[in-house]
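K.L.:
Below: one structure in C-alpha cells.
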Amino acid sequence: MNPRAQALADILEKGARALEAFASQLTDAEWQTPLPKDGRKIGVVVHHVASIFPLEIELAQKLAAGGSITDVTWDNVHALNAAHARDNDKVTKEETLALLRANAGAAATAIRAMSDKALDLVAPNSIYGNAPLTCQFMLEDHAVRHSFHHLARIRAALKREAGAMIAG
C-alpha cells in the first residue's frame with residue numbers, strides 16, 4: 001500500500017469520524033440551526049459532506065487517470081450545494097450519519113488505491129481558473145479536508161449561538 005495515499009485516507013477518515021461524533025450529539029434544535037452567512041441547516045451541511053464524497057473522489061480519480069477537470073467551476077459548486085440544500089431540507093440525523101460512514105469509507109478505499117504517480121499527476125483544473133494542479137492537491141483541498149472544514153464552522157456557529165443566548 002502506498003504510504004502517502006494511506007496517510008491521506010487516514011486523515012479523511014479521522015475528519016469524518018470527528019464530524020460524525022460531534023453531529024451524533026447534536027440536539028434536534030441544533031441539527032436544524034442555520035449556519036450564519038451560509039443559511040443551510042447544520043444537518044443539511046453534515047449531509048452535504050457525506051453526499052459529496054463520491055463526486056470529490058470522482059474528480060480526483062479523473063486527475064489520477066491523466067485527465068483534466070474542465071467543466072467544474074465554483075459557480076457550479078455553489079449551484080450544486082444550493083440544490084442539495086433544497087432537496088435535503090428534512091434529512092434525518094440517522095440517515096445522514098449512515099451516509100457519512102459509508103461514503104467516507106468508500107472515499108478512503110479509493111484514495112488508498114492511488115499510487116504516488118497518480119497523486120503527483122498535474123493537470124488543468126477549472127475549479128481553480130485552469131491552474132495546473134496535482135491530484136493530491138485536489139484530494140487535500142476537497143475530500144480530505146471537507147469534514148474538518150465544516151465541523152469547525154458548525155462548532156463556531158453553535159458557540160456563537162450559545163454566547164448570544166447567555167448574553168440575551
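Values quoted throughout were computed directly from the atomic coordinates according to the rules given, and no laboratory measurement underlies them. Small disclaimer: the values here were computed from a predicted structure and weren't measured.
K.L.:
Can you grab the distance from the C-alpha centre of the range 88-110 to the C-alpha centre of the range 32-71, Å, no decimals?
P.N.:
12
K.L.:
Strictly over 26 Å apart at the Cα level, which of Lys37/Lys62; Lys14/Lys93; Lys62/Lys90 would you flag in this model? Mind dumping the intermediate values first?
P.N.:
Details: Lys37/Lys62 32 Å; Lys14/Lys93 19 Å; Lys62/Lys90 33 Å.
Flagged as over cut-off: Lys37/Lys62; Lys62/Lys90.
K.L.:
For the chain, with a Gaussian network of springs between Cα atoms less than 10 Å apart, report the residue from Ile154, Ile52, Ile69 with the top mean-square fluctuation.
P.N.:
Between Ile154, Ile52, Ile69, it is Ile69 that shows the largest mean-square fluctuation.
K.L.:
Can you list the residues, at least 5 places off or on another chain, whose amide H is less than 5 Å from the amide H of Lys41, using H built in the peptide plane?
P.N.:
Those lying under 5 Å, H to H, from Lys41 are Leu35.
K.L.:
Using Cα atoms only, what is the angle between the long axis of helix 3-24 and the major principal axis of the chain, expressed in degrees (0 to 90) to the nearest 10?
P.N.:
For helix 3-24, the angle is close to 10 degrees.
K.L.:
How large is ³J(HN,Hα) for each residue in the range 111-121, as worked out from phi by the Karplus curve 6.51 cos²θ - 1.76 cosθ + 1.60 (θ = phi - 60°), to whole Hz, x for Gly and Pro?
P.N.:
For the range 111-121, the Karplus-derived couplings read 5, 4, 7, 8, 8, 4, 4, 5, 4, 8, 4 Hz, x marking Gly and Pro.
K.L.:
List, in order, the whole-Hz ³J(HN,Hα) value for each residue of the range 72-82 obtained from phi through the Karplus relation with A = 6.51, B = -1.76, C = 1.60 and θ = phi - 60°; use x for Gly and Pro.
P.N.:
Calculated HN-Hα couplings, in order: 10, 10, 5, 4, 4, 4, 5, 5, 4, 5, 5 Hz.
K.L.:
With runs of 4+ DSSP H residues as the only contributors, calculate the mean residue ellipticity of the chain at 222 nm using -39,500 (n - 2.57) per run, divided by the residue total and rounded to the nearest 500.
P.N.:
Details: 8 runs with 116 residues, N = 168.
Dividing the helical sum by the residues of the chain leaves -22500 deg cm²/dmol.
K.L.:
I'd like the Karplus ³J(HN,Hα) series for the range 137-144: coefficients 6.51, -1.76, 1.60, θ = phi - 60°, whole numbers in Hz, and an x wherever there's a Gly or Pro.
P.N.:
4, 4, 5, 5, 7, 10, 4, 5
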